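Colleague: One structure, as structure tokens, below. Some questions next.
The values are calculated or read from the model by the stated rules, or taken from the named source; none is laboratory data. Bear in mind the structure is a predicted one, so any value in this text is a computation, not a measurement. Here Cβ is always computed from backbone atoms with ideal geometry, including for glycine, and neighbour counts include all displayed protein chains. Heads up: the accessible areas ignore ligands, DNA and RNA and are worked out on the full protein's heavy atoms, side chains in. Shrake-Rupley method; radii C 1.70, N 1.55, O 1.52, S 1.80 Å.
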Amino acid sequence: MAELIQERIEDRIPELEQLERVGLFSRAEIKAIIKKASDLEYKIHRRILFKEDFINYVQYEINLLELIQRRRARIKYSFKKDEIEHSLVQRVHGIFGRASAKWKDDVQLWLSYVVFCKKWGTKAQISKVFSAMLAIHSNKPALWIMAAKWEMEDRLSSESARQLFLRALRFHPECPKLYQEYFRMELMHAEKLRKEKQEFEKASMDMGNFDHPEEILKGELARIIYKNSVSKIKGAEFHVSLLSIAQLFDFAKDLQKEIYDDLQALYTDDPFTWDYVARQELKMESQPGEEQPLTKQARAVEVGRREERCCAVYEEALKTLPTEAMWKCYINFCLERFSKKTSSVPLRGKRLERTMLAFRKAHELKFLSEVQYKQWIELLLCHNFFTEALQVAEAGTELLKDSVTLWQMKLKVLIDSKSPDIAMLFEEAFAHLKPQVCLPLWISWAEWSEGAKSQEDTEMIFKKAILAVTGANSITLKEKYLDWAYRSGGYKKARAVFKSLHESRPFSVEFFRKMMQFEKEQIFGWITSKKN
């Protein structure tokens, strides 16, 4: 082993001599490099190998390369790169090669090798690295996509990228991401060819070598991929993802229309389709001959018209597909538009009215989910509609009696409206809910009581809660109880609560830290009073 290492160190001598000769490093620095390199070489030639040793060696060599670059820039010396940097880069390739052969399953190691190749300009080597990596990790679509993108964008080889995608699809015939990226690549290829043709025509050059058929220039290869992919991968979301990609390319209008028409024909029973079609109305441009709105008021009117067109599509969808999922799409659209800032009071009022109406209709048809009841109540409270908020909360808890979220919202409305029956309603909520989900309600009750009731009442609530809430949920409750005791009765009260709880497991470290902090504050206060 010693002979091999000595040989490898001697192989470095010519580059090190060059470094010293051109003034990039001093003799002392060269000696330090030799010593460090020897240590690193010994580590990667031991009987038992460790990945970290290879990584450290690679990092050392990369740091050395970067230092050489900085010193070249400082002294403005740009010669002898083949004798210096090239040799170092080849050595790193060797180290990475050994490491990736030993730890084949480490994807991060392979990717580090790729990053190194990209940074230090060894493009030919990257294709080999990707090829070796994919031979082992053919089950990872993301790596196939990465390799194909490299061939397409960096090596400018559409054919190599195409071959990689075709190989990848043999391993993953139903992978949506592969089809999406392959589809995008073919459209990019067609766009590139179209630009080349335009340049030829603009320069009035001979187009004898430009023999690509018109179908290719129109994106026929992308259309074939589209047809193959939708025959294997069903669903409106995948269909829309391909349409979104096609819309990035102006020349693919016919393909866009074909995908759009297929979407409407194949997935009329999917809420995602209707949601997408409706939202397209927002993007519709003004008709030819119509003047573009210039003033803020005119723009607001135009936005209002577009939103009305969207709503018309949604209303048609709700007749065709009256489901909870479809109502959810419509309500989400209304909420999104309402959240958009506008200086137009009529537009904002119209958005609020539309959103409230959507909630009411969905509620009448019993198509509202727990989340949507919560959104509705929050919207009502935000605009101080307390009476309707209470009605909605009561209706929600009547339909979804086991929803702790809706009981919380109902109690919040009652607390905000200063109802006299709060305690009774908390008890009613506990009667309908499972004890393990009631922690937020107990905390809300205690917090309300602290501001509205006596200390005795609040403590009674905490004691009831400790008995009702068990397991991990009780940890938070105990911390809240201890905090309240210190706020309301000082150290003595906190100490009494701590003693009453200290054998009631489970606890958190924070529970004991709080008590220790209270003890410290007590001692500090006692010392301060003595001094005074």
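Colleague: Can you bin every Cα-Cα distance in the range 63-200 into 10 Å intervals starting at zero and give me the percent of pairs per bin, rounded to whole numbers?
Modeller: With a bin width of 10 Å, the distribution comes to 11, 33, 29, 19, 9, 0.
Colleague: Now a separate question. What nm value, rounded to one decimal, do you get for the distance between S504 and A423 when each label is placed 7 Å out toward the C-beta?
Modeller: Output for this residue pair reads 1.9 nm.
Colleague: Still on this structure: Using only Cα atoms, find the angle between the long axis of helix 220-232 and the longest principal axis of the chain, and express it within 0 to 90 degrees, rounded to the nearest 10.
Modeller: Result, in degrees: 50.
Colleague: A follow-up question, please. In terms of Cα to Cα distance under 12 Å, which aspartates and glutamates are near enough to K149, apart from those fewer than 8 places away along the same chain?
Modeller: Candidates past the 8-residue exclusion: E159, E181, E186.
Colleague: Rounded, prolate or oblate: which fits the range 397-506, taking a ≥ b ≥ c as square roots of the Cα gyration tensor eigenvalues, rounded meaning a/c under 1.5, else prolate when a/b beats b/c?
Modeller: Details: a/c = 2.76, a/b = 1.46, b/c = 1.89.
The shape class here is oblate.
Colleague: Something else: May I have the extent of the alpha carbons of the range 20-69 along their three principal axes, as whole Å values ordered from largest to smallest?
Modeller: 39, 19, 11
Colleague: Still on this structure, I have one more. For the range 145-245, give the percent of accessible area contributed by carbon and sulfur heavy atoms, probe 1.4 Å, rounded to a whole number.
Modeller: On the way: 2680 of 5430 Å².
On the range 145-245, the fraction of accessible area on carbon and sulfur atoms equals 49 percent.
Colleague: Could you tell me which label, among (i) 31.4; (ii) 26.6; (iii) 23.4, carries the value of Kirkwood radius over Cα pairs in Å calculated for this structure?
Modeller: (i)
Colleague: On the protein heavy atoms, probe 1.4 angstrom, tell me the percent of accessible surface of the range 1-135 carried by carbon and sulfur. Numbers along the way, then the final one.
Modeller: Details: 4100 of 7690 Å².
Carbon and sulfur: 53 percent of the exposed surface of the range 1-135.
Colleague: Can you give the convex hull volume of the alpha carbon atoms of the range 242-371 per residue, in Å³?
Modeller: Details: hull volume 17.0 nm³, N = 130.
Normalising the Cα hull of the range 242-371 by residue number yields 131 Å³.
Colleague: Excluding A161 itself, calculate the net charge of residues whose Cβ lies under 12 Å from the Cβ of A161, where each Lys or Arg counts +1 and each Asp or Glu counts -1. Don't skip to the end; give the middle numbers.
Modeller: Working: positive: K149, R155, R162, R167, R184, K192; negative: E151, E153, D154, E159, E181, E186.
Net charge around A161: 0.
Colleague: Once phi is turned into θ = phi - 60°, what whole-Hz ³J(HN,Hα) does the Karplus curve with 6.51, -1.76 and 1.60 give for every residue of the range 179-185, x standing for Gly and Pro?
Modeller: 5, 4, 6, 5, 4, 4, 4
Colleague: Compute from the Cα atoms of the range 391-438 the Rg and the Dmax, the latter being the longest Cα-Cα distance, and quote both in angstrom.
Modeller: 10.0, 28
Colleague: Using the 2.2 N^0.38 Å rule of thumb for compact globular proteins, work out how the range 303-377 stacks up: its C-alpha Rg over that value, please. Show your work: numbers first, answer last.
Modeller: Details: Rg = 12.1 Å, N = 75, 2.2 N^0.38 = 11.3 Å.
Taking N as the residue count of the range 303-377, the ratio is 1.07.
Colleague: Let me ask another. Please turn the phi angles of the range 345-360 into ³J(HN,Hα) values with the Karplus equation 6.51 cos²θ - 1.76 cosθ + 1.60 (θ = phi - 60°), one per residue in order, whole Hz, x for glycine and proline.
Modeller: Working through the residues one at a time gives 5, x, 5, 5, x, 5, 5, 5, 4, 5, 5, 4, 5, 4, 4, 5 Hz.
Colleague: Given H placed 1.01 Å from N in the peptide plane, which residues other than close sequence neighbours of F25 have an amide H under 5 Å from its amide H?
Modeller: For F25, the qualifying residues are E20.
Colleague: Mind giving me the nanometre distance, one decimal, between the label points for Q6 and S38, set 7 Å out from Cα along Cα→Cβ?
Modeller: 1.1 nm
Colleague: Would you please give the FRET efficiency between L467 and R309, computed as 1/(1 + (r/R0)^6) with r the Cβ-Cβ distance and R0 = 51 Å, to the nearest 0.05? Show your work: numbers first, answer last.
Modeller: Working: r = 58 Å, r/R0 = 1.14.
Computed FRET efficiency for L467 and R309: 0.30.
Colleague: Which of the pairs K412/K478; K366/K412; K328/K478 have their Cα atoms more than 28 Å apart in this structure? Intermediate results must be reported in sequence, preceding the final value.
Modeller: Values: K412/K478 23 Å; K366/K412 23 Å; K328/K478 39 Å.
Violating the 28 Å limit, Cα to Cα: K328/K478.
Colleague: Just subtract the alpha-carbon distance of E388 and V22 from 0.36 nm times their residue separation and send over the number in nm, one decimal. List each step's numbers first, then the result.
Modeller: Details: separation 366, 0.36 × 366 = 131.76 nm, distance 8.38 nm.
Extra length from E388 to V22 when fully extended: 123.4 nm.
Colleague: Also, I was wondering about something else. Take the range 348-436, drop everything but the C-alpha atoms, weight them equally and run the Debye formula without solvent; then report log10 I(q)/I(0) at 0.15, 0.25 Å⁻¹ to two decimals.
Modeller: Here the Debye-derived log intensity ratios amount to -0.55, -1.29.
Colleague: Related question: Hey, if we sort L425, L166 by accessible area with the 1.4 Å probe, largest down, what's the order?
Modeller: Numbers: L425 25, L166 70 Å².
Correct descending sequence by accessible area is L166, L425.
Colleague: Using 0.36 nm per residue of separation minus the Cα-Cα distance, give me the extension gain between R71 and K102 in nm, one decimal. Mind showing how you got there, number by number?
Modeller: Details: separation 31, 0.36 × 31 = 11.16 nm, distance 3.48 nm.
Fully extending the segment from R71 to K102 adds 7.7 nm.
Colleague: Please work out the FRET efficiency for the pair I55 and E159, using the Cβ-Cβ distance as r and a Förster radius of 45 Å; give the result to the nearest 0.05. Spell out each step's value before the answer.
Modeller: Values: r = 35 Å, r/R0 = 0.79.
That gives a FRET efficiency of 0.80.
Colleague: So what's the angle, to the nearest 10 degrees on a 0 to 90 scale, between helix 253-266 and the longest Cα principal axis of the chain?
Modeller: 40 degrees
Colleague: Using +1 at the Cβ of each Lys and Arg and -1 at the Cβ of each Asp and Glu in the chain, identify which of A135, G451, I245 lies farthest towards the dipole's positive end.
Modeller: G451
Colleague: Let's test the formula: R0 of 41 Å, r as the Cβ-Cβ distance of K492 and H432. What FRET efficiency results, to the nearest 0.05?
Modeller: 0.60
Colleague: Another one. I'd like the Karplus ³J(HN,Hα) series for the range 123-131: coefficients 6.51, -1.76, 1.60, θ = phi - 60°, whole numbers in Hz, and an x wherever there's a Gly or Pro.
Modeller: 5, 4, 6, 4, 4, 5, 5, 4, 4
Colleague: How would you classify the range 110-164 from its alpha-carbon gyration tensor, with a ≥ b ≥ c the square roots of the eigenvalues: rounded for a/c under 1.5, else prolate if a/b is greater than b/c, otherwise oblate? The partial results should precede the final answer.
Modeller: Details: a/c = 1.88, a/b = 1.07, b/c = 1.76.
Note, shape of the range 110-164 comes out oblate.
Colleague: Could you work out the percent of alpha carbon pairs in the range 1-150 separated by over 24 Å, rounded to a whole number?
Modeller: Numbers: 4368 of 11175 pairs.
The proportion of pairs with Cα distances above 24 Å equals 39 percent.
Colleague: Roughly how many Å² is the accessible area per residue of the chain, as a whole number, for a 1.4 Å probe?
Modeller: Values: 30220 Å² over 532 residues.
Solvent-accessible surface per residue comes out at 57 Å².
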